[in-house]
Amino acid sequence: MPAEARSISPVMSLVWITGASQGLGRATALDHADAGWQVVASARSSQRLGDLVAARPAIISHPLDVTDRAATHAAVAAIEAEYGPIDRAVLNAGTHQPMAVDAFDATVFDQLFALNVGGVVNCLAALVPRMVARRQGNIALVSSVAGYRGLPTAAAYGATKAALINMAESLAMDLKPFGVRVQLVNPGFIRTPLTDRNDFAMPALMEPDVAARRLRQGLDSGRFEVTFPKRFTWVLKALRLLPNAIYLPLIARSTRR
């Protein structure tokens, strides 16, 4: 649908996307807008959100630091007061920082958990009571296949993503009786500013627009876990079944540079 043909309408489904200023979040905002959703995009960078709106003028920019709990509650209240109930929330804000064991730093854990986990919790705390009260809503937690099992230099990042996987599984059961659908998104490698920092080969690297389309289609399908690209993520799923005595030396050898 051309951008100029869209208008904000109460009959359109409203999606709120965090971490929407770049990478998968930006692509997801563009894809939902093109699919006819009314999109509210949040991120810390007002400038990057401005660039997003310039690409699709119907997207609504709402700058936000999700690590600020009070600001997150205020943002959700303001969005719903002005545009109506949030039908779908894609909680995507997060970051990655590899950490070599000879540079072990507790502050890396603090920073990654504050954003990757704490930011999601702040959003949930603002969203869940509202969705439960109206017995309707869809929440997607964007994790990563890095949360499936331990990986070298990912002690902090992988732990945050494993936490999100466990959280999504628990909430899916807890919220289903209230009409709220919780889904989990576990992408593989996507070409983003974060993966551009990687100095190793990334199997089955996806372009953001393709990943965003898979994400939306997966959420629309209603299945609990949305993962892509399948040829890569299903290999990692299979590796979860290996005993530690096989998995740990196998991954250590295969990732050694």
Tell me, which residue of segment 215-231 that is at pLDDT 90 or above and part of a helix (DSSP H, G or I) is surrounded by the fewest Cβ atoms within 10 Å (Cβ to Cβ)?
Ser221
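Does segment 150-191 hold any residues that are part of a strand (DSSP E or B) and either of a type in the set (S, T, N, Q) or within 25 Å of Asp105 (Cα to Cα) (or both), and which are they?
Taking segment 150-191 as the starting set, the residues that turn out to be part of a strand (DSSP E or B) are 180-187, 190.
Those that are part of a strand (DSSP E or B) and either of a type in the set (S, T, N, Q) or within 25 Å of Asp105 (Cα to Cα) (or both): Gln183, Asn186.
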Taking segment 126-155 and keeping only residues that are farther than 22 Å from Leu241 by Cα and touching a His at 6+ places or on another chain (Cβ under 9 Å), one is left with Ala126
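Does Ala125 satisfy being touching a residue at least 12 places away in the same chain (Cβ under 8 Å), surrounded by fewer than 23 Cβ atoms within 10 Å (Cβ to Cβ) and outside any strand (DSSP E or B)?
Numbers: touching a residue at least 12 places away in the same chain (Cβ under 8 Å): yes; surrounded by fewer than 23 Cβ atoms within 10 Å (Cβ to Cβ): yes; outside any strand (DSSP E or B): yes.
So Ala125 passes the test.
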Considering only segment 67-94, state which residues are in a loop (DSSP other than H, G, I, E, B), over 19 Å from the mean Cα position of the chain (by Cα) and not small (Gly, Ala, Ser).
Pro85
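Residues being within 23 Å of Arg134 (Cα to Cα) and either in contact with a Phe, Trp or Tyr (Cβ under 6 Å, 6 or more places away or on another chain) or in contact (Cβ under 8 Å) with a residue 24 or more places away in the chain (or both): count how many of those fall in segment 56-82. Walk me through it before giving the result.
Start the filter on segment 56-82 by keeping residues that are within 23 Å of Arg134 (Cα to Cα), which leaves 69-82.
From the residues that got through so far, the ones that are either in contact with a Phe, Trp or Tyr (Cβ under 6 Å, 6 or more places away or on another chain) or in contact (Cβ under 8 Å) with a residue 24 or more places away in the chain (or both) too are 69, 72-73, 75-77, 79-80.
Residues that pass the stated criteria total 8.
What is the residue count in segment 173-189 for residues that are within 16 Å of the chain's Cα centre (by Cα) and modelled with pLDDT of 95 or more? Steps first, please.
To start, the set of residues in segment 173-189 that are within 16 Å of the chain's Cα centre (by Cα) comprises 181-189.
Still in the running and modelled with pLDDT of 95 or more: 181-186.
Qualifying residue count for the region: 6.
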Return the pair list, or none, for Cβ contacts closer than 6 Å from residues in segment 83-110 that are polar (S, T, N, Q) to residues that are surrounded by fewer than 17 Cβ atoms within 10 Å (Cβ to Cβ) and part of a helix (DSSP H, G or I), at least 6 apart or on different chains.
Gln97/Val108
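Of all residues being more than 19 Å from Gly147 (Cβ to Cβ) and part of a helix (DSSP H, G or I) in segment 232-253, which is modelled with the lowest pLDDT? Just the residue, please. Show your work before the answer.
Applying the first criterion (more than 19 Å from Gly147 (Cβ to Cβ)) to segment 232-253 yields 243, 245-246, 249, 253.
If we keep only those that are part of a helix (DSSP H, G or I) as well, we get 245-246, 249, 253.
On the way: Ala245: 96, Ile246: 95, Pro249: 93, Arg253: 86.
Checked segment 232-253; the qualifying residue modelled with the lowest pLDDT is Arg253.
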Please pick out the residue among Ala27, Ala58, Ala75 that is in contact with a strand residue (DSSP E or B) (Cβ under 7 Å, 6 or more places away or on another chain), buried (at least 17 other Cβ atoms within 10 Å of the Cβ) and modelled with pLDDT of 95 or more.
Ala75
Thr192 passes all but one of (1) of a type in the set (S, T, N, Q); (2) crowded, with 19+ Cβ neighbours inside 10 Å; (3) at pLDDT 95 or above; which number fails?
(3)
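Report, by residue number, each residue of segment 34-51 that is assigned to a helix (DSSP H, G or I) and surrounded by fewer than 24 Cβ atoms within 10 Å (Cβ to Cβ). Even if it seems obvious, please write down each step before you answer.
Of the residues in segment 34-51, the ones assigned to a helix (DSSP H, G or I) are 34, 46-51.
Asp34, Ser46, Gln47, Arg48, Gly50, Asp51 - these are the residues of segment 34-51 that are assigned to a helix (DSSP H, G or I) and surrounded by fewer than 24 Cβ atoms within 10 Å (Cβ to Cβ).
Return the only residue of Asp110, Asp102 being over 30 Å from Gly179 (Cα atoms), part of a helix (DSSP H, G or I) and under 20 Å from the mean Cα position of the chain (by Cα).
Working: Asp102 fails: under 20 Å from the mean Cα position of the chain (by Cα).
Selected residue: Asp110, the only one of Asp110, Asp102 that is over 30 Å from Gly179 (Cα atoms), part of a helix (DSSP H, G or I) and under 20 Å from the mean Cα position of the chain (by Cα).
The values are calculated or read from the model by the stated rules, or taken from the named source; none is laboratory data. It should be emphasised that the depicted structure is a prediction, and the values quoted were computed from it without experimental measurement. Please note: Cβ atoms are built from the backbone with ideal geometry, for glycine as well, and neighbour counts cover all protein chains shown.
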